[in-house]
Amino acid sequence: MINWMDDSGQKGIQAMIDETGTIVGLMLSPIERFPESDAKQTVTVFQAPFKGKWYVFWGGENVTDNYHYAEESQRYAIDVIKTENAMSYEGDPAKNESYFAFGEEILAGARGKVVGIENNIRDNEPVGETNETKPVGNYVIIDHGHSEYSLYAHLKQGSVCVKEGSEVEAGDLIGLCGNSGNSTEAHLHFQVSDHPDLFWVNTKSLNINWLGDIKVRRGQVVYGGV
């Protein structure tokens, strides 16, 4: 899929292209923006919650770059994967172990207290199956104060290595990247919200204040600590 947005940021085009390079779908749509919440960033400064080089598959402040943006509870979430030679896997695409992100270390993005975990949801296999009854899959939620809660979703079954009530520092290992929940391949869904329950009716996603004032957008490569 190729996305394009005009200079005004008000209109977007999505083109779907098959393996032969033929355009098989084209959609032109207005782009809704939320400038007030876009302009507000978290009090907490977050570092990348992983090591090494990751690719931003979804992220940004419009629905063209970030499908989460349409939903207030997930508006500033990002989905990141690992790639090599523009591919996210090598070998059998039906197996989780073929994906470069699967089993990679996931780190706390900032200092805080663990207030929620899930560790027992199986990873989807064959890859492509999803678990819509447990959409977040295995996860960790960290309270950073200021009504700011970070969520690390779709973690590998059995990999969560922190407990509720434990204190963590930025960069501490909290689990491994997986493919649990409503996930079509191994990736990390990361967001910050004003409430620990993503599905509470009034939960709002918060625009993340990234260390170094970086902007995390679809198509970017982001480097975490080594």
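The values are calculated or read from the model by the stated rules, or taken from the named source; none is laboratory data. The structure presented is a predicted model; accordingly, all values stated were derived computationally and were not measured. Cβ sites come from the backbone with ideal geometry, for glycine too, and all protein chains shown count toward neighbours. Calculation scope for accessible area: heavy atoms of the full protein, side chains included, ligands and nucleic acids excluded. Shrake-Rupley method; radii C 1.70, N 1.55, O 1.52, S 1.80 Å.
Residue separation of LYS51 and CYS161 scaled by 0.36 nm, minus their Cα-Cα distance, works out to 37.9 nm of gained length. Distance between the modelled labels on MET87 and GLU72, one decimal in nanometres: 4.4 nm (7 Å Cα→Cβ projection).
Tell me, what is the per residue accessible area of the chain in Å², probe radius 1.4 Å? Spell out each step's value before the answer.
On the way: 11550 Å² over 226 residues.
I get 51 Å² per residue for the chain.
Amide H to amide H distances under 5 Å link THR83 with TYR55, where only residues 5 or more positions off or on other chains count and H is placed in the peptide plane. Taking only the C-alpha atoms of the chain, Rg followed by Dmax gives 17.2, 53 Å.
If you rank LYS163, LYS51 by how much accessible surface each has, with a 1.4 Å probe, what is the order from largest down?
On the way: LYS163 155, LYS51 80 Å².
Order by accessible area, largest first: LYS163, LYS51.
Straightening the chain between ALA94 and ALA39 buys 15.7 nm, computed as 0.36 nm per residue apart minus the Cα-Cα spacing.
Between THR20, THR83, THR42, the residue with the greatest mean-square fluctuation in the GNM of the chain (Cα pairs under 10 Å linked by springs) is THR20.
At 1.4 Å probe size, with the rest of the protein present, what percent of the exposed accessible area of segment 133-200 is carbon and sulfur atoms?
Working: 1280 of 2670 Å².
Percent of accessible area from carbon and sulfur atoms in segment 133-200: 48.
Can you tell me, using C-alpha contacts under 8 Å and at least 6 residues apart, the relative contact order of segment 93-198 as a whole percent? Could you put the intermediate results ahead of the total?
Numbers: 299 pairs, mean separation 39.7, N = 106.
Relative contact order, segment 93-198: 37 percent.
Counting 0.36 nm for each residue step from LEU173 to GLU132 and taking away their Cα separation leaves a gain of 12.1 nm.
With the simple model of a label 7 Å out from the Cα in the direction of the Cβ, GLU125 to GLU32 spans 4.0 nm. The relative contact order of segment 107-158, computed from alpha carbon pairs under 8 Å that lie at least 6 residues apart in sequence, is 42 percent. Taking all Cα pairs closer than 8 Å and separated by 6 or more residues, the relative contact order of segment 39-164 comes to 21 percent. Overall, segment 135-226 carries a charge dipole of about 420 debye about its Cα centre when +1 sits on the Cβ of Lys and Arg and -1 on the Cβ of Asp and Glu, all other atoms neutral.
Please list LYS156, LYS204 from largest to smallest accessible area, probe radius 1.4 Å, with all protein chains kept in place. Don't skip to the answer; put the middle values down first.
Values: LYS156 65, LYS204 85 Å².
Descending order: LYS204, LYS156.
Between PRO93, PRO49, PRO35, the Gaussian network model of the chain with springs among Cα atoms under 10 angstrom shows the greatest mean-square fluctuation at PRO35.
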